[in-house]
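Values in this text are rule-based calculations from the coordinates and carry no lab data. Please read all numbers here as calculations on a predicted model, not as lab measurements. In this analysis, Cβ positions are derived from the backbone assuming ideal geometry, glycine residues included, and neighbour counts consider all displayed protein chains.
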């Protein structure tokens, strides 16, 4: 009885720790999603053509962002484990190395993306009528990729140190700035009536270019703000650290980051191929897919917030060699995740039509988006489980198995299935999303096996 009481107490103590780490990330994600909703709605006013042009390259955005994020995961595992072991100076040295990685990666992507911006819409098989607009949007959006790289990697490191509030505050600033600049840059100068008061709202009338420029400026501010807070952090500030390559640290970071990078690259490339096959179906399918993705993203917020907490706490437990803490973490966070994803899936199913109507008045697009959203809503709880298990494995530095699982699911189920359905059988967007759900179910099965078998935490760690 005494032992059970102790376990229950520890379980109860774990709940506030998880929420303390998760809620700022959830709020940050909520703000980002809200702004994404606003962006899509504001561009949607310009018509289906504009929505399709902006959404045509969105999966390439995931490809680039997820590749950079993989480097952040490498530093997350290294720093969270170092802090768990009480080795603060080791964590600070890793922070110094991350500055080097941000500079090199940011410059590389800046040059590469500006060179290929004109080819991306062609590779994505977008309609010829929107190729020029899509290329322009992509080029402007990724001009400040150095600052976005800093925001992603430094933000991940702050979370690994248990500081999820700073990335949240900076994210809120970025999103509010983005919305304000959207109003000023997308539309022309216009009269807005508030009751009996008529106000003249200035506007540049840049349409799609204005939306891209607003995001670019906001991302630049975010990179600067997060870098400042990172540099002045009490535990992991890189202040005074040398940034020339430290092979011992970088090899440990890259050992975790490279499989995760390969996973993210392979799956994000899969998203690109997936989207290109959808784009080939037609403008209505592209617009419906873009809007459905935007709506759906809000309902993943609990999952990603919990994953941040799971990754940080599992890394701390591993560094402290505390198996009991790791066990209680998993037994606490997984049921919470399932509960939240059941709720979010139910809400998505119920409110899908109303949410889609926020972005378009095209009845064909509304019907198609609503159908695929209600399909995916049913699978939300299944998708939540692998998110958490993968997060805990990232904290432990175990990224090889998630790499294999995600690549298998993406290319053998989603891509192969979508090719058969849309290209060979001539079916539409609904069949493509069915293949996506099949991908998520496979991940649920494979990651559940990792958890039930205990393989996810297998390794040298004593109490």
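In table form, for the structure just shown:
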quantity	calculated
Nearest-ten-degree value, helix 283-297 long axis tilted from longest Cα axis of the chain	30
0 to 90° range, to nearest 10: angle between helix 247-279 axis and the chain longest Cα axis	30
Neighbour-count order for 89, 337, 131, fewest beta carbons within 10 angstrom listed first	89, 131, 337
Prolate/oblate/rounded call for the range 264-337, Cα gyration tensor, a/c under 1.5 rounded	prolate
Global geometry of the range 132-182, whether rounded, prolate or oblate, following the gyration tensor of its Cα atoms and the 1.5 cut on a/c	oblate
Residue order, fewest to most surrounding Cβ atoms within 10 angstrom, among 25, 286, 67	67, 25, 286
Label assignment, Rg and Dmax of the Cα atoms in Å derived from the structure, set [x] 23.6, 96; [y] 22.2, 72; [z] 22.4, 68	[y]
Helix-only [θ]222 nm of the chain, DSSP H runs n ≥ 4, -39500 (n - 2.57) each, per residue, nearest 500	-26000 deg cm²/dmol
Helix 88-116 axis, angle to the chain major axis (alpha carbon atoms, nearest 10°)	20
Segments 181-194, 267-280 sorted - mean Cβ within 10 Å per residue, highest first	267-280, 181-194
Length gained when the stretch residue 449-residue 224 is fully extended (0.36 nm per residue, less Cα-Cα span)	76.8 nm
Spatial separation of Cα centroids for the range 258-288 and the range 325-373, in angstrom	20
Prolate/oblate/rounded call for the range 55-180, Cα gyration tensor, a/c under 1.5 rounded	prolate
Contour minus Cα-Cα distance for residue 104 and residue 342 (0.36 nm per residue)	81.5 nm
